[in-house]
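Enquirer: What follows is a structure written as structure tokens; I'll ask about it next.
The values are calculated or read from the model by the stated rules, or taken from the named source; none is laboratory data. Keep in mind it's a predicted model, so treat the numbers as computed, not measured. Positions of Cβ are backbone-derived with ideal geometry, glycine not excepted, and every protein chain shown enters the neighbour counts. For the accessible areas, the whole protein counts, side chains as well, though only heavy atoms, and no ligand, DNA or RNA atoms are used. Shrake-Rupley method; radii C 1.70, N 1.55, O 1.52, S 1.80 Å.
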Amino acid sequence: MEQKKRFAHGKRPRHVGLIVFVCAVALAAMSAFLLGGTKTGVTLPTGTTENISVTEKTGYRRTDAKITVDNVQQVIESLSRPEAYSASVVNTLYWTGDWESINVMQYVRDGTCLNAYFDADGNIDRYQAIRDGKYYTWRNGGTTQYIASTGGVSADDASMIPTYETVVNEEKDDIIAAGERTVDGESCIYVTVHDEQTDYNLTYWVSTVSGLLIQADYNRSGELVRSVVVNNIKREEPAKALFQLPDGSSLLSSDAEGMDTENQADEIDEGANP
């Protein structure tokens, strides 16, 4: 049976979800500064689109609604994330017909969250990791890692993922919709939280199979302003070799399994185009 752990969560401001993206960009800027770059270290692909609005994601199908605004907080609290997994994360911001996105491959095991950031060509540009209150960053192919305190930045912040577990701490009146849906045959819970201060609605879609967030949409006045899509989820322990720092040391705890270099390149290549 797959081991799971309860994700620690606490009260955070309701509008913190939008701040997550800003924090991630700030981390990118700090990473580039530490790595000696003149830019953020992330090349943002841009595009144009017209009449952007919130629409139901392709593949969703309504099911018998057993989850309601009255019980969704208790259901969310009962979920837990796997101790080890990998997933691709695509964050997209929309405004006035334009968009920008950042692609990340996330690897989690042994209390460590490692993020591989991709450039516009689908190549890994740099790595960031969070472990035990420390932030690590290094350039892909580089020979030196840089370490700093995370401060109030969480692993979710570094991965640009809103922490869905904070729903349990919301005021009940701020939860305006909840229910069940399936995504490509996988059972999911959705819940929409309204932030009166900013007038934003944040909708989370959480898998009841993996306990992981698979999508989050931010909208204001019926317009999509930010979308987070998490896919290519593998509930297998990522190879230990992925967590090796440039100096040869490991981000993982000393009692972790021995170095597993097999399939390391395959794992990275599979996330090259999240």
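Enquirer: Can you name every residue in the range 154-198 that is touching a residue at least 40 places away in the same chain (Cβ under 8 Å), in a loop (DSSP other than H, G, I, E, B) and open to solvent by less than 40 Å² (accessible area, probe 1.4 Å)?
Expert: If the condition is that a residue be touching a residue at least 40 places away in the same chain (Cβ under 8 Å), in a loop (DSSP other than H, G, I, E, B) and open to solvent by less than 40 Å² (accessible area, probe 1.4 Å), then 160, 161, 162, 163, 170, 198 are the ones that fit.
Enquirer: Just checking, how many residues over the range 123-144 are free of Cβ contacts under 8 Å to residues at least 24 places away in the same chain, in a strand (DSSP E or B) and open to solvent by 30 Å² or more (accessible area, probe 1.4 Å)?
Expert: So the answer is 1.
Enquirer: How many of the residues in the range 77-91 are touching a Phe, Trp or Tyr at 6+ places or on another chain (Cβ under 7 Å) and either surrounded by fewer than 19 Cβ atoms within 10 Å (Cβ to Cβ) or not polar (S, T, N, Q) (or both)?
Expert: 2
Enquirer: So for the range 159-179 (the condition being at pLDDT below 90 and not hydroxyl-bearing (Ser, Thr, Tyr)), does at least one residue qualify?
Expert: Checking the range 159-179: at least one residue is at pLDDT below 90 and not hydroxyl-bearing (Ser, Thr, Tyr).
Enquirer: Right, something else. Can you say whether residue 150 is over 26 Å from residue 203 (Cβ atoms), in contact with a Gly (Cβ under 9 Å, 6 or more places away or on another chain) and of a type outside the set (Gly, Ala, Ser), as far as the supplied structure shows?
Expert: yes
Enquirer: Could you pull out the residue among 75, 104 that is of a type in the set (A, V, I, L, M, F, W, C) and at pLDDT 95 or above?
Expert: 104
Enquirer: In the range 199-224, which residues are touching a residue at least 24 places away in the same chain (Cβ under 8 Å), open to solvent by 30 Å² or more (accessible area, probe 1.4 Å) and out of contact with any helix residue (DSSP H, G or I) (no Cβ under 8 Å at 6 or more places or on another chain)?
Expert: Matches in the range 199-224: 201, 208, 222, 223.
Enquirer: Output the residue which, of all residues in the range 238-250 that are more than 12 Å from residue 127 (Cα to Cα) and touching a Phe, Trp or Tyr at 6+ places or on another chain (Cβ under 8 Å), is most open to solvent (accessible area, probe 1.4 Å).
Expert: So the residue we want is 250.
Enquirer: Determine, yes or no, whether residue 53 is under 19 Å from residue 207 (Cβ atoms), open to solvent by 50 Å² or more (accessible area, probe 1.4 Å) and either modelled with pLDDT of 90 or more or of a type in the set (Gly, Ala, Ser) (or both).
Expert: No.
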